[in-house]
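Okay, structure first, notes after.
The values are calculated or read from the model by the stated rules, or taken from the named source; none is laboratory data. Keep in mind the model is a prediction, meaning the values are calculated, not measured. Here the Cβ positions follow ideal geometry from the backbone for every residue, glycine too, while neighbour counts run over all protein chains shown.
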Amino acid sequence: MRPAAPEALASLFDPCSVAVVGASANPAKWGYWLASGALAGRARRSVHLVNQRGGGLDGLPFLPDLGSLPTVPEQVVVAVPPPQVRSVVVEGLAAGARCFTVITSGGADPAEERELAALVTAHGGRLLGPNCMGVVDTTTELRLSWGDFPSGSVGLVSQSGNLALEIGRLLARAGEGFSRFVSLGNQRDIDAADALDALIAHEPTRVLAAYVEDFRDGRRLARTLAAARAAGKPVLLLTIGRGEASGRAAASHTGALVSARAVVESVCRDTGALLLDSAGELVDTAVLLTAGGERLGRFRSRPAEAATPLRVAVVGDSGGQGALAADALAARGLDVPVLDEPTRTTVSAHLPGRAGCGNPVDLAGAGEADLRNYARITRALLDAGDTDATVLTGYFGDYATANPAQTRQECEVARELGEAAQRAGRLLVVHTMARDTPALTVLREHGVPVYERIEQAATALTQAARQARATPQPPPALPRHPSATPVTDGEYETVRAMLAAHGLDFPEAEFVTDADSAVDAARRRVGYPLVLKAMGLAHKTEAGGVALGIADEAGLRAAFARMSAATGARRYAVERMAAHPHAVELIVGVRYDPAFGPVAMVGLGGVTAELLADTALALAPLTPARARELLLSLRHAPLLTGWRGAPAVDLDAAADALCAIARAAVEHPELTELEVNPLLVHPGGALALDAHGVLS
């Protein structure tokens, strides 16, 4: 009798009974692999195979339809031609099934697929797919897919079947595998957030991995990512779009600076997920995290004021390999510090006189003289506490290949290495030129990750350090109701009034249509020096639509004439010139992302905003504390905090301005983009000098 599954998708991962519709005895067909995979779990559940043409597989006859089944199928796997999918689902619902895995691809448009999912959910069921590769749970003997899925502790959710197979093969070579695999397909019902939620609740799953192209409800997925990190389960994410260029750069600087990829990067940063670049990087990181990621606890708990990089000790039986390992680690931002004097003294006792022991440690033949020196020296480095992790690089693991008589001793040393890391509570990583030797098997069995290339080890350590230091925060909630007075255009005059109502400060200004009105506004209200701006232009400066520092009436009339001829604008802003010593120009924008909703951006602004591309992003709305974090995360943040003796700008005022802009955007969803550029921040406050929006 199966134990009760704790999560909502129990019928997907551990059904009492499975029916495969479209079963086949032909190994060239999908129906064969689904049927044979289902039969492999017969000791745990009842299996029914359906094919109206008859036949059988492994002694089990094919039944003509779902109505012929002797018991209710809890999960139905659908692998029939597209025109037959709906009728099979209807028949399955009538038979009492409540979970459907639809392998079939093509033939149905999105509306038909959504209707199919609605039909299933209306009956209290769930649907995986359509157009998916199936589902695997190695902990419940469920294999409803094609391909090999080695057992392990990595849960994978993927919109690509072939990528899942690649990840599986790489995991197997590294001595790891899957706890669960979910092929999402078109996500008409069960989506990435659903599947990841189930993996969080699944005790045998230690690391969550996902390949997602369509984020659907991005904020819901972000909440799941934060929940996984809070539960102590790292999430490793792959997606597409690193080369994507914004298609709306002409509408605003924000459109050019806030790409879909940048949004995903910011969400991962804030939720504690790791956004990676390849299947290989994902596997390398997963191997380290499943083997001993919890041993970075001391590094994680180091006080924020002492947040130095991960410190790594390197020990090798080759001076060249040790030096290259140190370079690879340092190139990725890790610290390879000089060891403390007591540690060097302890280590040197096991080394020949010519060996180096400062870090990296060079065995200089000590390993060949006595294999146990590997364990003695590594144990000394792990126990000393000078570093957070130790990398053993070189030949170890391959001695028995050249001399089988050393197999037993090399395996004993491997066991000692693993036990030393466990006792010390610190991470040991092995880079070796060997592959699949008995000693490496022993290392993996004792929680020591093993890599064939030093750059794999260095990258995995870097990512593990990032994950350990992450402080996840769930995405902010959006207001239930937008503003009762939506803006009707994105022009400066309209957007300025809306932002001012949200508490953003602007210089004194008046909007006019002719030169005489401009002169009158300057005399009555604005004063000199002033700025003249042409309205209705996306990039005013480039179009000749901005004149600065106008000192008198003659200058204003001349500027008006030039600007009118150059731009043909019908309306102009006459605005007080803002000049503050030690001011810094920022750009603040909010862009509506189809998956994640409003995304706030801050960066170095003015006309060089796109050139510098120094930006930080977060889901809107913002709290003052979050806004400060964004400001201080910029590469040019020293300009804000007092560069070369200059006074710091008013960070509280700058953060309040960011919050006001983000709040305005959230309350006005009719704007797909909202931008203030520049926002002039200075020691006395923050002042918006220009703003515009883009209507949906």
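Some values worked out for this structure:
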read-out: Sole residue being crowded, with 24+ Cβ neighbours inside 10 Å, under 26 Å from Arg261 (Cβ atoms) and touching a residue at least 12 places away in the same chain (Cβ under 8 Å), chosen from Val694, Val681, Val599, Val649; value: Val599
read-out: Unmet requirement for Gly161, which otherwise passes all of (1) closer than 26 Å to Pro204 by Cβ; (2) in contact with a Lys or Arg (Cβ under 7 Å, 6 or more places away or on another chain); (3) surrounded by fewer than 24 Cβ atoms within 10 Å (Cβ to Cβ); value: (2)
read-out: Among residues of the range 349-379, those that are touching a Lys or Arg at 6+ places or on another chain (Cβ under 7 Å) and either β-branched (Val, Ile, Thr) or without any contact (Cβ under 8 Å) to a residue 40 or more places away in the chain (or both), counted; value: 3
read-out: Selection count where residues are charged (D, E, K, R) and under 18 Å from Ala192 (Cα atoms), scope the range 112-166; value: 4
read-out: Criterion: among the polar types (S, T, N, Q), farther than 16 Å from Ala19 by Cα, modelled with pLDDT of 95 or more and in the same structural domain as Glu213 (by TED's automatic domain parsing) - qualifying residue of Ser153, Ser145, Ser105; value: Ser153
read-out: Conditions (1) of a type in the set (A, V, I, L, M, F, W, C); (2) modelled with pLDDT under 95; (3) assigned to a loop (DSSP other than H, G, I, E, B); number of the one not met by Val263; value: (3)
read-out: Top-ranked residue in the range 357-385 [being under 41 Å from the mean Cα position of the chain (by Cα) and surrounded by fewer than 17 Cβ atoms within 10 Å (Cβ to Cβ); ranked as nearest to Arg423 (Cα to Cα)]; value: Asp383
read-out: Of all residues in the range 626-661 being assigned to a loop (DSSP other than H, G, I, E, B) and small (Gly, Ala, Ser), the one that is farthest from Leu499 (Cα to Cα); value: Gly645
read-out: Residues located in the range 290-321, provided they are part of a loop (DSSP other than H, G, I, E, B), among the small types (Gly, Ala, Ser) and more than 29 Å from Arg372 (Cβ to Cβ); value: Ser301, Ala307
read-out: Matching strands (runs of 3 or more DSSP E) fully within the range 566-625 where at least 3 residues are more than 23 Å from the chain's Cα centre (by Cα); value: 572-576, 584-593
read-out: Matching entry among Ala79, Ala111, Ala97, Ala19 (being within 37 Å of the chain's Cα centre (by Cα) and exposed (fewer than 15 other Cβ atoms within 10 Å of the Cβ)); value: Ala111
read-out: Hey, Ala654 small (Gly, Ala, Ser), at pLDDT 95 or above and in contact with a Ser or Thr (Cβ under 7 Å, 6 or more places away or on another chain) or not; value: no
read-out: Residues (among the aliphatic types (A, V, I, L, M) and in contact with a strand residue (DSSP E or B) (Cβ under 9 Å, 6 or more places away or on another chain)) located in the range 11-40; value: Leu12, Val18, Ala19, Val20, Val21, Ala23, Ala25, Leu34, Ala35, Ala38, Leu39, Ala40
read-out: Of all residues making up the range 332-348, the number that are part of a loop (DSSP other than H, G, I, E, B), on the phi < 0 side of the Ramachandran plot and in contact (Cβ under 8 Å) with a residue 40 or more places away in the chain; value: 5
read-out: Filter result for Ala273 (among the aliphatic types (A, V, I, L, M), over 20 Å from the mean Cα position of the chain (by Cα) and surrounded by 21 or more Cβ atoms within 10 Å (Cβ to Cβ)); value: no
read-out: Unmet requirement for Pro337, which otherwise passes all of (1) surrounded by 22 or more Cβ atoms within 10 Å (Cβ to Cβ); (2) in contact with a Lys or Arg (Cβ under 7 Å, 6 or more places away or on another chain); (3) of a type outside the set (Gly, Ala, Ser); value: (1)
read-out: Condition met for Ala521 (modelled with pLDDT of 95 or more, farther than 29 Å from Pro598 by Cα and in contact with a helix residue (DSSP H, G or I) (Cβ under 6 Å, 6 or more places away or on another chain)); value: no
read-out: Lone qualifier among Leu324, Leu329, Leu282 - being in the same structural domain as Ala421 (by TED's automatic domain parsing), touching a strand residue (DSSP E or B) at 6+ places or on another chain (Cβ under 7 Å), at negative phi and in a helix (DSSP H, G or I); value: Leu329
read-out: Residue tally, condition farther than 30 Å from Arg644 by Cα and either of a type in the set (Lys, Arg) or crowded, with 20+ Cβ neighbours inside 10 Å (or both), over the range 548-589; value: 13
read-out: Test: residue in the range 303-316 that is in contact with a Lys or Arg (Cβ under 8 Å, 6 or more places away or on another chain) and either at pLDDT 90 or above or not polar (S, T, N, Q) (or both); value: yes
read-out: Those residues of the range 197-221 which are under 20 Å from Glu166 (Cα atoms) and of a type in the set (A, V, I, L, M, F, W, C), in sequence order; value: Val207, Leu208, Ala209, Ala210, Val212
read-out: Those helices (runs of 4 or more DSSP H) lying entirely in the range 363-415 with at least 1 residues within 21 Å of Gln456 (Cα to Cα) and among the hydroxyl-bearing types (Ser, Thr, Tyr); value: 372-384
read-out: Of all residues making up the range 477-513, the number that are assigned to a loop (DSSP other than H, G, I, E, B) and in contact with a helix residue (DSSP H, G or I) (Cβ under 8 Å, 6 or more places away or on another chain); value: 12
read-out: Any hit, the range 519-535, residues being under 46 Å from the mean Cα position of the chain (by Cα), surrounded by 15 or more Cβ atoms within 10 Å (Cβ to Cβ), in a loop (DSSP other than H, G, I, E, B) and not aromatic (Phe, Trp, Tyr); value: yes
read-out: Test result for Val72, closer than 30 Å to Ile200 by Cα and in the same structural domain as Gly185 (by TED's automatic domain parsing); value: yes
read-out: Failed condition for His431, given (1) without any contact (Cβ under 8 Å) to a residue 60 or more places away in the chain; (2) closer than 24 Å to Glu281 by Cα; (3) crowded, with 18+ Cβ neighbours inside 10 Å; value: (1)
